[in-house]
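Novice: First the structure, which I've put down as structure tokens, then a few questions once you've had a look.
Read-outs: derived from the displayed coordinates by stated rules, not from any lab. Since this is a predicted model, take the numbers as computed values, not measurements. Glycine gets a Cβ as well: all are built from the backbone with ideal geometry, and neighbour counts include every protein chain shown.
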Amino acid sequence: MNVLLLGNGGREHALAWKMLQSPELNKLYVAPGNAGTAQIAENVNIGVTDFPTIADFIAAQGIEMVVVGPEDPLVEGVRDYLEADGRFKGLKIIGPGKAGAILEGSKDFAKEFMQRHHIPTAAYRTVTPAQVEEGKAFLRTLKPPYVLKADGLAAGKGVLILNSLEEAEKELEEMLGGKFGKASSRVVIEEFLSGIEISVFAITDGKDYKILGSAKDYKRIGEGDTGLNTGGMGAVSPVPFADEAFNRKVEERIVRPTIEGLRKDGIDYKGFVFFGLMNSGGDPFVIEYNVRMGDPETEVVMPRLKTDLIRLFDATATGNLSEVMFEMDERVCTTVMLVAQGYPEKYEKGKEIEIAQVEGSIVFHAGTKLSEGKVVTNGGRVIAVSSFGKTIEDGLQHSYANIEKITFEGKCFRRDIGKDLMDWQ
Ligand code: AMP
Ligand code: GLY
């Protein structure tokens, strides 16, 4: 099979790494890819939302499967675009069409969907600029802290959590006034859920699904979960507090009703579903849906996947997921992200990266590129170092030992990934 993978992060390097293990793979292209994917596949310099160029490349190279990594091309309708092209009958596409991707593209849509299908989530109200006063009145019915979400995609920055009613009212006005551009022309006001966050991943062919396990992500830049939000500074899979009883609740109350809900709504969804959940006193609630895998969660989920990924994708695309033998590794996998100094604010790129002999870990490139034969930094999140372990400590010990073998100017990382989970084991 000739495959085109869209994206250029650690997630895509991990997906590429897993696909490379499949005897079903003939040739893998990654657009645009990074220095890590360049080592194992062929990078092609095409942007992930440049649909006409992507389509011409698919036609020219005889691509049989397209795997979409990030959300932007999905929300912008890459599947719909390729399906409408008469040249691509039988092309296998992993990732939902526009009608499914709106689960991530509109928080209001996602809330309505959950309400319609009785999926547990926080109470909410969506308001437009003409409804500021209704919004403020709804805020007054809630207890602090207050949660405000821009309806549309806002590069992970569209959620505000405010401690006072006064601040929340002011932010609501600013958001509806265009603080996040078009993304906040509608704002979802939500009840605050307390608890511990956990992500659960599934893949569906529109009828059946397979659960790829759980992961915990460390979003803040600073140790002890302090400072600004990032794309994710590390991850652990599986999550020890997600015991059998909790996992059963997640499947029965959330995963199954979501897949059935999509079908009932006439949405033909083929791809990953990322459930961002809150474990509130042992009960799972949906905080958000994403229509792709997480990053850095993919860097701990893909190593644990024992099933051939190309076969899994093939079955997903052709509606045969129920026939796939599906298996996850029982071991723990941990990852620690190396980031550029200054990230998530201003940081420099182009720093040379040296990687000495790494043993007992997998090095996934994120923001890296090849420049004059050298690997240099090309983003805020640079490299994820993933390791298996019998326990979380064991995995992390390998990740932290191997981090010492990777050098670049301004290398930063959190030293406390997984610490909060160690008591649960
Ligand atoms: P989201 O982009 O929807 O994942 O929200 C970003 C972050 O805000 C989440 O990862 C949570 O930490 C937090 N958050 C979002 N919604 C809520 C909520 N209803 N209650 C508590 N925390 C929330
Ligand atoms: N790590 C969170 C995400 O991929 O959205």
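Novice: At 222 nm, what helix-only mean residue ellipticity would the chain give, in deg cm²/dmol to the nearest 500, using -39500 (n - 2.57) for each DSSP H run of four or more? Write out the running numbers ahead of the final one.
Specialist: Working: 14 runs with 122 residues, N = 425.
The helix-only estimate for the chain comes to -8000 deg cm²/dmol at 222 nm.
Novice: Still on this structure, I have one more. If the viscosity is 0.692 mPa s and the temperature 37 °C, what translational diffusion coefficient in µm²/s does Stokes-Einstein give for the chain when Rh comes from Kirkwood over Cα pairs? Intermediate results must be reported in sequence, preceding the final value.
Specialist: Numbers: Rh = 22.1 Å.
Value of D from the Cα-based Kirkwood radius: 149 µm²/s.
Novice: Could you tally the net charge around residue 6, taking each other residue with its Cβ under 13 Å from the Cβ of residue 6, Lys/Arg +1 and Asp/Glu -1? Walk me through the intermediate numbers first.
Specialist: On the way: positive: 11, 79, 292; negative: 12, 50, 71, 72, 76.
Net charge around residue 6: -2.
Novice: If you don't mind, there's one more thing I want to ask. Mind scanning 270/405; 136/270; 210/419; 143/390; 306/405; 219/374 and naming the pairs with a C-alpha gap bigger than 32 Å? Before the final figure, lay out each step's value.
Specialist: On the way: 270/405 40 Å; 136/270 39 Å; 210/419 29 Å; 143/390 42 Å; 306/405 28 Å; 219/374 30 Å.
Pairs exceeding 32 Å: 270/405; 136/270; 143/390.
Novice: Write down the radius of gyration of the stretch 278-412 and its Dmax, each obtained from C-alpha positions, in Å.
Specialist: Looking at the stretch 278-412, its Cα Rg and Dmax stand at 17.7, 53 Å.
Novice: Taking every eigenvalue of the Cα gyration tensor of the stretch 90-145, multiplying by 5 and rooting it, what semi-axes result, largest first, whole Å?
Specialist: Numbers: eigenvalues 195, 38, 14 Å².
The three semi-axes for the stretch 90-145 are 31, 14, 8 Å.
Novice: Using amide H atoms built 1.01 Å from N in the peptide plane, name the residues 5+ places from residue 92, or on other chains, whose amide H lies under 5 Å from its own.
Specialist: 65, 66
Novice: With a cut-off of at most 11 other beta carbons within 10 Å, and DSSP calling the residue loop, which chymotrypsin sites (Phe, Trp or Tyr not before Pro) in the stretch 260-355 qualify? Please list them. If you can, show how the numbers build up before the last one.
Specialist: Values: sites: 269, 272, 274, 275, 285, 289, 313, 326, 347; in loops: 269, 326, 347.
Here no loop site has a sparse enough neighbourhood.
Novice: Okay, next question. Normalise the Cα radius of gyration of the stretch 180-234 by 2.2 N^0.38 Å (N = residues in it) and let me know the number.
Specialist: On the way: Rg = 15.8 Å, N = 55, 2.2 N^0.38 = 10.1 Å.
In units of the 2.2 N^0.38 Å rule of thumb, it is 1.57.
Novice: By per-residue mean of other Cβ atoms within 10 Å, what is the highest-first order of 296-308, 62-74? Numbers along the way, then the final one.
Specialist: Details: 296-308: 24.5, 62-74: 22.2.
Per-residue mean Cβ counts within 10 Å order the peptides as 296-308, 62-74.
Novice: Determine, from the Cβ-Cβ distance of residue 354 and residue 131 and an R0 of 51 Å, the FRET efficiency 1/(1 + (r/R0)^6), rounded to the nearest 0.05.
Specialist: Values: r = 55 Å, r/R0 = 1.09.
That pair, residue 354 with residue 131, gives E of 0.40.
Novice: Also, quick follow-up: Which of the aspartates and glutamates could a cross-linker bridge to residue 182, judged by Cα under 12 Å and excluding same-chain residues fewer than eight apart?
Specialist: Answer for residue 182, where 12 Å is the Cα cut-off: 151, listed by chain and number.
Novice: Which of 190, 323 has the fewest other C-beta atoms within 10 Å, and how do the rest follow up to the most?
Specialist: Working: 190 23, 323 10.
Arranged by neighbour count, lowest to highest, 190, 323 become 323, 190.
Novice: What would the Debye equation give as log₁₀ I(q)/I(0) for the stretch 49-187 at q = 0.10, 0.12, 0.20, 0.22 Å⁻¹, counting only Cα atoms as equal point scatterers?
Specialist: Log10 of I(q)/I(0), two decimals: -0.45, -0.60, -1.11, -1.26.
Novice: Let me ask you something else. When 412, 333 are ordered from fewest to most other Cβ atoms inside 10 Å of their Cβ, what list results?
Specialist: Fewest-to-most ranking of 412, 333: 412, 333.
Novice: Scattering from the C-alpha atoms of the stretch 215-357 alone, worked out with Debye: what is log10 I(q)/I(0) at q = 0.12, 0.15, 0.21, 0.22 1/Å?
Specialist: Cα-only, vacuum Debye calculation for the stretch 215-357: -0.65, -0.97, -1.50, -1.56.
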